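Rule-based calculations on the coordinates, nothing more; no lab input. Keep in mind that what you see is a predicted model, and the values were worked out from it rather than measured. Note that we place each Cβ from the backbone using ideal geometry, even for glycine, and neighbour counts take in every protein chain shown.
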Amino acid sequence: MFSRKASDFFKASSKLFSTQAGARFNPKSNVFIGSAAATLLGSGLGIYYLNKNPAKANMIDEGLHSPTYPFQHAKTFGIFDHASIRRGYQVYREICAACHSAELVKWRNLVDVAFTEEEVKAMAAEFEYQAGPDDNGEMFMRPGILADPLPSVYANEEAARASNNGALPPDLSLITKARHNGASYVFSLLTGYYDTPAGVNVREGLHFNPYFPGGAISMAQSLYDGIVEYEDGTPATASQMAKDVVTFLNWASEPELDDRKRKGTQILIVFSILTALSVWIKRHRTVSLKTRKFAYFPPTNWNGKPKA
Ligand code: HEC
């Protein structure tokens, strides 16, 4: 009884729906004409608005857009150039670390990435870290261990600003993730110092750099040919150092990249095999259905009238 009522209800409602739907898409109905007019008007207004307020790149506000450089790790299956990370750390340590921290990188993260454990332990031990309190309640200094972060020069933000004309050198741990076009932007910034062109005014203490939003940056050019000496004999040109330090900074931002790409490749291989297998199994299972032939043989004694 209930089920019959329910089925009647559904029949009635589906009928209603189909008649309404029929009315809505009937080109002659008012609803159709009305919605078409509304769509046209809406898109017209949209196009007008977009042309009134175009989203144009503004070099003064956003800086010159950096080219995208072919970093090895930026390719689909590319992983980090670890020799470059090692050289990049050297550039960071000898030049950038004078102003910039990279606090999210711990010494132990460098182990087996660009250095051996012994090398990293020795590097960490060269810096002093505050520890304690000891039995007398005093804080004391101890040499760095693998668990410590890379040391920062300044005790706090105010000290950092005070030493840099009020500008804050940002922590570089995540810098390639924190800027549009990441690694390529930082590379362009480091190699993008030019003489101030005629007609451009750069405030005292700032340096002309078209890639930095506003075109003037507080950071002076820090990379000059031959300013570091690489232990592996790579010629230390400014662009080579910029490439190496950017690779190091990109590794600091995305230390999981190598692993992620390796696992991604494995997954692609395994899933391609599984897909091929499932296609094969599907064909194998359905071959008897797909090759089945239906044939109709009309009765031979057909006289034009259907049989009773
Ligand atoms: C003498 C100090 C000093 C040195 C050395 C230095 N920087 Fe800077 N850096 C700064 C200051 C100050 C700023 C902030 C600039 C500003 O806001 O105008 C800055 C900003 C930056 C920025 C951020 C730019 C942005 O888009 O906000 C990056 C990236 C950077 N530095 C990378 C480096 C790298 C890599 C090195 C080493 C090769 C380095 N810096 C060496 C002082 C320094």
Notebook entry, point to check: Can you list the aspartates and glutamates whose alpha carbon sits under 19 Å from that of LYS293, skipping same-chain ones fewer than 8 residues off?
Noted result: none
Item checked: Sorted by Cβ neighbour density within 10 Å, fewest at the top, the residues TYR69, TYR185, TYR48, TYR92 -> TYR48, TYR69, TYR92, TYR185
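Please label the shape of the stretch 180-226 as rounded, prolate or oblate, based on the square roots a ≥ b ≥ c of the eigenvalues of the alpha-carbon gyration tensor (a/c under 1.5 means rounded; beyond that, a/b larger than b/c means prolate, else oblate).
On the way: a/c = 2.00, a/b = 1.36, b/c = 1.47.
Oblate shape, in that a/c is at least 1.5 and b/c is the bigger or equal ratio.
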Check: Cβ under 11 Å from VAL245's Cβ, VAL245 left aside: what net charge do those residues give with Lys, Arg +1 and Asp, Glu -1?
Finding: +1
Check: Once both labels are modelled 7 Å past Cα along the beta-carbon direction, what's the HIS65-TRP280 spacing in nm?
Finding: 4.7 nm
Next item on the list: Sort the stretch 211-308 into rounded, prolate or oblate with this rule: let a ≥ b ≥ c be the square roots of the eigenvalues of the Cα gyration tensor; rounded if a/c is under 1.5, and if a/c is not under 1.5, prolate when a/b is larger than b/c, oblate otherwise.
Entry: prolate
Margin query: Could you identify which residue out of ARG87, ARG142, ARG179 has the top mean-square fluctuation in a GNM of the chain using Cα springs shorter than 10 Å?
Written below: ARG142
Note to self: Using only Cα atoms and rounding to the nearest 10 degrees, what angle (0 to 90) does helix 2-24 make with the longest principal axis of the chain?
What the structure shows: 80 degrees
Check: Which value, in debye to the nearest 20, gives the size of the charge dipole of the stretch 209-308 about its Cα centre, when Lys and Arg are +1 and Asp and Glu are -1 at the Cβ?
Finding: 2320 debye
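Subtract the Cα-Cα distance of PHE127 and ALA36 from 0.36 nm times their separation in residues, and report this length gain in nm to one decimal.
Computed gain between PHE127 and ALA36 is 25.6 nm.
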Notebook entry, point to check: Angle between the Cα long axis of helix 30-52 and the longest principal axis of the chain, 0 to 90 degrees, nearest 10?
Noted result: 20 degrees
Item checked: Most fluctuating residue given options PRO298, PRO70, PRO169, as computed from a GNM of the chain linking Cα atoms under 10 Å -> PRO298
Checklist line | Fully extended contour minus Cα-Cα distance, from ASP134 to TYR224, at 0.36 nm per residue | finding: 27.8 nm
Next item on the list: Please give, to one decimal in nm, the separation of the simple spin-label points placed at LEU50 and ILE269, each 7 Å out from Cα toward the Cβ.
Entry: 4.5 nm
Next item on the list: Using only alpha carbon pairs under 8 Å that are at least six residues apart, calculate the relative contact order of the chain and give it in whole percent.
Entry: 20 percent
Notebook entry, point to check: Full extension from THR76 to SER239: what is 0.36 nm times the residue separation minus their Cα-Cα distance, to one decimal in nm?
Noted result: 56.3 nm
Notebook entry, point to check: Of ALA242, ALA167, ALA102, which is the most mobile in a GNM of the chain whose springs link Cα atoms less than 10 angstrom apart?
Noted result: ALA167
Next item on the list: Would you please classify the overall shape of the stretch 66-194 from the alpha carbon gyration tensor, given that a ≥ b ≥ c denote the square roots of the eigenvalues, rounded means a/c under 1.5, and beyond that prolate means a/b larger than b/c while oblate covers the rest?
Entry: oblate
Check: Angle, helix 82-94 long axis vs. longest principal axis of the chain, Cα atoms, 0 to 90°, nearest 10?
Finding: 40 degrees
Next item on the list: May I ask you to sort SER278, SER253 by Cβ crowding, counting other Cβ atoms within 10 Å and putting the fewest first?
Entry: SER278, SER253
Notebook entry, point to check: Dipole size in debye (nearest 20) for the stretch 71-141 around its Cα centre, Lys and Arg Cβ +1, Asp and Glu Cβ -1?
Noted result: 600 debye
Next item on the list: Find out how many positive minus negative residues lie around SER101, taking Lys and Arg as positive, Asp and Glu as negative, among other residues whose Cβ is under 11 Å from that of SER101.
Entry: -3
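How big is the charge dipole of the chain about its Cα centre, in debye rounded to the nearest 20, if each Lys and Arg gets +1 on its Cβ and each Asp and Glu gets -1 on its Cβ?
Taking the Cα centre of the chain as origin, the dipole is about 4820 debye.
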Check: So for the chain, taking the charge dipole from beta-carbon charges (+1 Lys/Arg, -1 Asp/Glu), which of ALA178, ALA131, ALA167 sits furthest toward the positive end?
Finding: ALA178
